[in-house]
Amino acid sequence: MSSRDIVLNGLTFKNSQRIPMSLPSPYPNDFLHGSYRLKDSKATGWYTIEGGREERIDEWGNTWRRFKGISKGEVCKGVLESLDKVEEAELPALDDYRNYKEVEEEFSNNKKKFKIGSLPGFAFNITRKMRKLDQYLMDLVLDKNKVAILNARVNDLLEKAIKNYAKAGADAIMFCEDWGTQKGLMINPNLWREIFKGGFRRLCNVAHQESLYVFMHSCGKITVIIPDLIECGIDVLQFDQPKIHGIKKLAEYSGKVTYWCPADIQNTLQTKDEKVIENDVREMVEKLGGKGGGFVAGYYADNESIRLEPKWQDVACRAFVKYGNYKKNVVAIKQGEER
């Protein structure tokens, strides 16, 4: 069975031979990620400014800043200083299929892998940078109509990008939007439903019409809108901190959505306790993937940012392989049998 088949069976709860995995060598990795390459872009690399800091300009025209060599930085100047120009803002050419030709070649050469086309976000992750996050959050309250215009323009562009990924041979599209704080959603859930839910539904529908699955990454505690995301058509929720929601709570939606998680990067891995890590992995496989699908074993690639030696995630990788064989392990896990 190919990696692609294993993932498809996992997403459709068809009791594959094992759970899908996205682990580093020598462990299984069933996925191939591809991203458009803009032929004509305003983006720059990092360049040094005063005070030991660096700046760069992204493909949307936003200026980012960081201390030299430290962190990914944050937007210090959005390309849209005023919403009065919301209909004039120049957007990158995500609609031009020439920017997807290299992705098409990569995908065509790796037909046994499950292929994911990367989007820069849905509307929030893109437009909040164009205005800077602090200003954008105020815009959501003070100028909803112009925010709606900007979001609609971005959604129009993303719809074309989704169709381009389908043409290039993708099996899914994936986007990142960090909607949560440690305690809850960044904005009132009703405001999220009013302004953003329609765009989620629209873009998920477009993807499904193109026979693409929709994968969403989000950090923080977005538990309150998980039912909304499922309703909109999100197929996979990628959480690096699954325990912030509670595994029991996530399991309430087992069979309705697939979770893609590493061992929790904030709680589990930081214990540096092999038994705790293995038990938490086992619990996720049992409770989130125990219906013959619904769980993908993940790996957090940036060990340095979470100040963790790779050996602790290696413990998790071994546990995912140990407990991730559906035919041999899932029933045994439920019955509490020894391995």
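Go through Gly51, Gly45 for me and flag whichever is free of Cβ contacts under 8 Å to residues at least 40 places away in the same chain, exposed (fewer than 15 other Cβ atoms within 10 Å of the Cβ) and at positive phi.
Gly51
Determine which member of the set Lys144, Lys167, Lys163 is basic (Lys, Arg) and surrounded by 15 or more Cβ atoms within 10 Å (Cβ to Cβ).
Exactly one residue qualifies, and that residue is Lys163.
Per-residue answers, yes or no, for (1) under 20 Å from the mean Cα position of the chain (by Cα); (2) closer than 20 Å to Leu237 by Cα; (3) at pLDDT 95 or above; (4) basic (Lys, Arg):
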{"residue": "Gly292", "(1), (2), (3), (4)": "no, yes, no, no"}
{"residue": "Gly298", "(1), (2), (3), (4)": "yes, yes, yes, no"}
{"residue": "Ile306", "(1), (2), (3), (4)": "yes, no, no, no"}
{"residue": "Gly324", "(1), (2), (3), (4)": "no, yes, no, no"}
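Note down all Cβ pairs under 6 Å where the first residue falls in the stretch 55-78 and is over 13 Å from Asn125 (Cβ atoms), the second is small (Gly, Ala, Ser) and surrounded by 16 or more Cβ atoms within 10 Å (Cβ to Cβ), and they're at least six residues apart or on different chains.
Trp64/Gly73; Arg65/Gly73; Arg66/Gly73
Within the stretch 207-233, which residues are of a type in the set (Ser, Thr, Tyr) and either more than 18 Å from the chain's Cα centre (by Cα) or in a helix (DSSP H, G or I) (or both)?
Correct list: Ser211, Thr223.
Within the set of pairs 6 or more residues apart or between chains, which connect a residue that is farther than 18 Å from Val321 by Cα and touching a residue at least 40 places away in the same chain (Cβ under 8 Å) inside the stretch 266-278 to a residue that is among the aromatic types (Phe, Trp, Tyr) and buried (at least 16 other Cβ atoms within 10 Å of the Cβ) with Cβ atoms less than 6 Å apart?
Sorted first by the residue in the stretch 266-278, then by its partner, the pairs are Lys272/Trp312.
Which pairs turn up if I take residues in the stretch 231-255 that are touching a residue at least 24 places away in the same chain (Cβ under 8 Å) and under 14 Å from Ile265 (Cβ atoms) and look for partners that are polar (S, T, N, Q) and not in a helix (DSSP H, G or I) with beta carbon separation below 6 Å, at least 6 apart in sequence or on another chain?
Close Cβ pairs (under 6 Å, with a partner that is polar (S, T, N, Q) and not in a helix (DSSP H, G or I)) amount to Gln241/Gln266; Lys243/Asn267.
Could you check the stretch 306-329 and list, in sequence order, the residues that are in a loop (DSSP other than H, G, I, E, B) and either free of Cβ contacts under 8 Å to residues at least 60 places away in the same chain or in contact with a strand residue (DSSP E or B) (Cβ under 9 Å, 6 or more places away or on another chain) (or both)?
First, pick out the residues of the stretch 306-329 that are in a loop (DSSP other than H, G, I, E, B): 306-309, 324-325.
Once the filter is applied, which keeps residues that are in a loop (DSSP other than H, G, I, E, B) and either free of Cβ contacts under 8 Å to residues at least 60 places away in the same chain or in contact with a strand residue (DSSP E or B) (Cβ under 9 Å, 6 or more places away or on another chain) (or both), the stretch 306-329 yields Ile306, Arg307, Leu308, Glu309, Gly324.
Collect the residues in the stretch 181-206 that are touching a Gly at 6+ places or on another chain (Cβ under 9 Å) and outside any helix (DSSP H, G or I), keeping them in residue-number order.
Thr181, Gln182, Lys183, Gly184, Leu185, Met186
Specify which of the listed residues (Cys176, Cys204) is under 16 Å from the mean Cα position of the chain (by Cα) and surrounded by fewer than 17 Cβ atoms within 10 Å (Cβ to Cβ).
Values: Cys204 fails: surrounded by fewer than 17 Cβ atoms within 10 Å (Cβ to Cβ).
When all the criteria are applied, what remains is Cys176.
Can you give me the number of residues within the stretch 266-284 that are within 21 Å of Ile19 (Cα to Cα) and either at pLDDT below 95 or assigned to a loop (DSSP other than H, G, I, E, B) (or both)?
Matching residues across the stretch 266-284 total 1.
Exactly one of these conditions fails for Asn15: (1) loosely packed, with under 13 Cβ neighbours inside 10 Å; (2) more than 22 Å from the chain's Cα centre (by Cα); (3) under 28 Å from Ala170 (Cβ atoms). Give me its number.
With respect to (1) loosely packed, with under 13 Cβ neighbours inside 10 Å; (2) more than 22 Å from the chain's Cα centre (by Cα); (3) under 28 Å from Ala170 (Cβ atoms), Asn15 is out only on (1).
The values are calculated or read from the model by the stated rules, or taken from the named source; none is laboratory data. Model, not experiment: these values are computed from the prediction. Counting neighbours? That spans all protein chains shown, and the Cβs are built from the backbone with ideal geometry, glycine included.
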